[in-house]
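Presented below is the structure to which this report refers.
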Amino acid sequence: MTEMSDTVYCLKFVFLSMVLLKVGTWNVCGLSSEDRQSLVAKDIDRYDIDILALQETKTRVFQHTTLPGHHQLYLFDQKQDWHGGLGFVINKRFIDCITSYHQISDRVAYMDARLKPSDRNSPPCYIRFVNCYSPTNPKSVQNPHIADQFYDQLDKALDVPARFEVWFLGDFNAKIGKRSRNDEDNGMTHRSDHKLVMACIDFSKRYKLYKEKHRRQKHLNTNSLVCSSDTQVSYRNYLDVAINNTKMSDQFTIADTAQRFDMLFENVKCAAESTVGYSDPVRKRHHSSDSAIVEMSTERKRLLQLLNTNENKDRTALRSKINKLSHNIKKRLKNLKTQLANSIADTINNTDDSRRMFEAVRQLSNKNKKSVSVFVHNDSDQFVNNNVDKCKIVREYFQQHYTSSDSEPAIEPFVGTPCHSLL
């Protein structure tokens, strides 16, 4: 599959700003195995694509899986034939913009997106990405009903409000150019049928494609100020000296009320920074302060750099050292987890405080549980991707089902087992 992605045709639009949406379409010729799906995820990172339309996935059932890199893969089922199949791959940074998706037939499916405006007074931008897989010309000549049905389905996908922008992605099985001797149809001798085609869409600075990255703010260590009497005394003394010096200065007498307030606030901030200090930053989940693990991790990084820059053909010695260090790191982490569990168990057995005992029990039984994905559809039979809209639809269903006076209950809007977190 990576060989097919080496040749890329880029359609570049005018770049009015640095905010771009990269879309692509790809006839993958089968995407049922996990190895092929992981290769698609690598190409998403390689070409930095936001939304990718897939054709000829050759999958029989609907699938919604998470690819390596936390990209989302949607594969639609086939009802009539096993040769085709449509799908979408959504980049992890673009997932929050997807609102719904729907499959019209085996050859037409679409996905709706909503871009937030950069200005609060401006309306959002709504886009519908239509993924289509056209029948070939010989099939259309033999059975004209297939072509008419395909274009009727495209017209159904175009049934959107006026505020929507519609973008067509897919494989139209078209040939352009002079007629070749070995071809009955009009077309070029060389076909780029199974190549990855990308396009860059510019929305200028009107809309936000991705979430803004929040910078980590430093927080003052208020626990030491509340719990330590020495810190409180030093903070008060430093603050008294700073305020007195500010009041005696010439700038304070000349300044107005707002400027005086700013000067006093700056004194409070400087006093807190000098005496209280900032709290330690939150460490990452996989961070470990154990000296043995830090030493082995540093050595492993150094050996990996040597392995990448080593020009010798024989790298067996370096690989064996790296594998040995990786095994020792895992073994050490397992021992540290065992020690932590033993200490928590001792706390549970020795404590007399019920609150501490329950906290220790919760900490000991904390496990990462995989969330159950639930597919919720709205009144138009479109699958909803936003969790807020899912909660609203399921809540209205249960209210109508249990509190309404109607004799007939509403149709269940979800497919599968409902998750407790949605209610």
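Some notes on this structure:
- For the cross-link pairs 301/330; 92/301; 22/58; 92/116, the ones whose C-alpha atoms lie over 19 Å apart are 92/301; 22/58.
- Taking other C-beta atoms within 10 Å as the exposure proxy, 66, 25, 136 rank 66, 136, 25 from fewest upward.
- The modelled label-to-label distance between residue 327 and residue 82, using points 7 Å beyond Cα along the C-beta direction, is 4.4 nm.
- Highest-first packing order for the peptide set 233-242, 382-391 is 382-391, 233-242, based on the mean count of other beta carbon atoms within 10 Å.
- At R0 = 35 Å, FRET efficiency that the Cβ-Cβ distance of residue 299 and residue 349 yields, to 0.05: 0.35
- Listing 111, 263, 248 from fewest to most neighbouring C-beta atoms within 10 Å gives 248, 263, 111.
- Estimated at 0.36 nm per residue, the fully extended path between residue 230 and residue 64 surpasses their Cα-Cα distance by 54.0 nm.
- Across region 222-275, C-alpha contacts under 8 Å between residues 6 or more apart give a mean separation that, scaled by the residue count, equals a relative contact order of 42 percent.
- Note on region 222-275: semi-axes of the ellipsoid equivalent to its C-alpha gyration tensor, largest first and rounded to whole Å, are 25, 11, 6.
No lab work stands behind these numbers, since they all come straight from the coordinates. All values reported here derive from a predicted model rather than from experimental measurement. Neighbour counts are summed over all protein chains in view; Cβ atoms, including those assigned to glycine, are modelled from backbone coordinates with ideal geometry.
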